[in-house]
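Only one structure is covered here, and it is reproduced in the block below.
The values are calculated or read from the model by the stated rules, or taken from the named source; none is laboratory data. Please read all numbers here as calculations on a predicted model, not as lab measurements. Cβ sites come from the backbone with ideal geometry, for glycine too, and all protein chains shown count toward neighbours.
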């Protein structure tokens with residue numbers, strides 16, 4: 001948006017934005033958009049599986065490592 005120097009009381013129209021600003025707003029809006037339920041469920045499953053998998057992998061390699069000590 002470009003300043004015009006016009007007082008707010010004298011403005012009778014809408015603020016127009018440039019194409020660059022419009023694309024930035026669309027990108028910003030996509031960051032805050034709610035995901036589809038299927039997508040959210042898949043992301044939750046991926047995160048939980050990763051955490052449980054890392055824990056079980058640590059336990060599996062930790063038991064033999066403690067026996068060697």
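The set of residues in the range 5-27 being at pLDDT below 75 and assigned to a helix (DSSP H, G or I) consists of 8, 9, 10. Going by the conditions given, is residue 2 out of contact with any strand residue (DSSP E or B) (no Cβ under 9 Å at 6 or more places or on another chain) and either modelled with pLDDT under 85 or assigned to a loop (DSSP other than H, G, I, E, B) (or both)? Yes: the conditions hold for residue 2. Residue check: residue 30 meets all listed conditions (1) at pLDDT 85 or above; (2) surrounded by 10 or more Cβ atoms within 10 Å (Cβ to Cβ) but one, namely (2).
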